[in-house]
Every structure is written in C-alpha cells, then in structure tokens.
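Heads up, the thing below is written out as structure tokens.
Every read-out reported here was derived from the displayed coordinates using simple, explicitly stated rules and does not represent laboratory data. Nothing here was measured: the structure is a model prediction, and the numbers come from that model. Neighbour counts are summed over all protein chains in view; Cβ atoms, including those assigned to glycine, are modelled from backbone coordinates with ideal geometry.
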Amino acid sequence: MPTCSVVAALQATVHRVLDHLAAELADLGLRQAEINVLAQLRPGVPRPVGELVAATGQRPSTLTGVLDRLEARRLVRRRVNAADRRSFTIELTAAGGRAAARVHATFAALDERVLSDLPASAVAGFHRALDAVEHHTRSLP
C-alpha cells in the first residue's frame with residue numbers, strides 16, 4: 001500500500017464521511033455545518049455559543065451564519081446566557097430535537113459499523129492521532 005500524508009488521508013476520509021452523512025440525512029435538507037451543530041446539541045441542554053465553536057471546529061463568524069439558518073428553520077433558539085449576559089446559549093426546539101435525534105442515530109450507526117471492524121487498540125491509536133492533529137493545528141487561524 002503506498003504511503004500517503006496522514007493529513008491528506010484524513011482530509012479525504014472526512015470528505016467521504018461528510019458525503020455519507022449528507023446522503024443519509026438528505027431528507028432533513030441540512031447543510032454539513034448544520035448537521036455538525038445538531039450533533040453537538042441535546043434536548044433540554046442549552047450550550048453556550050463558545051462551547052459550540054470549540055465542539056464544531058467552526059469559526060465564530062461561520063457558526064453565527066449556521067445558527068441563523070437553524071434558527072430561521074425553527075430548529076434552535078438563542079437565549080441570553082444567564083451566566084454571562086454578553087453571550088448566548090443555543091437550545092433545540094421540539095423540531096430541532098427530532099432532527100438532532102436523527103443526526104445522533106445516523107452518527108451512532110456509522111460509529112457502530114466502523115468500530116465493529118477495529119480492535120480497541122486501533123481506536124485508541126486513532127484518538128491519539130486526532131489529538132496530535134488537534135494539537136498542531138489549534139493555533140492556526
């Protein structure tokens with residue numbers, strides 16, 4: 001098997017995963033970034049926007065647009081953060097909870113299929129590799 005850049009292989013795999021998820025969830029009419037946000041939300045558990053920035057890996061300005069679209073579709077609502085009135089929390093609406101449940105189920109099904117092919121040591125190594133990528137890319141704009 002030819003050797004290739006870990007980063008190039010990761011990027012190609014991420015694109016295939018995103019295409020797979022988009023196809024599985026096509027009936028929801030969501031963009032990949034919107035799916036990413038819904039994957040981070042649980043019914044009844046508001047999340048500060050700053051947490052969503054970190055959890056989704058999106059830039060704050062990008063996330064604002066994603067949240068605007070989700071809010072316009074009435075899948076999420078923004079509220080002033082009671083802990084810091086200068087910021088907002090995001091919570092699922094009832095419709096958003098249903099959409100998020102589909103996203104979570106789709107992610108879980110893919111996780112189950114992938115993990116069934118791997119020993120625990122490979123999964124642990126994969127997570128170490130992701131941590132290293134995160135460490136070396138975190139400071140970039």
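Pop a pseudo-label 7 angstrom from the Cα along the beta-carbon direction at both Arg74 and Ser61 and give the gap in nm to one decimal.
3.2 nm
At a Förster distance of 35 Å, what's the computed FRET efficiency of His135 paired with Cys4, Cβ-Cβ distance as r, to 0.05?
0.95
Provide the descending list of Cα extents for segment 8-135 along its principal axes, expressed in whole angstroms.
Here the Cα extents, ordered largest to smallest, are 45, 34, 25 Å.
Could you check the simple spin-label distance between His127 and Arg85, using points 7 Å along Cα→Cβ, in nm with one decimal?
4.1 nm
What is the helix-to-structure angle for 60-72, meaning the angle in degrees between its Cα long axis and the longest Cα principal axis of the chain, kept from 0 to 90 and rounded to the nearest 10?
60 degrees
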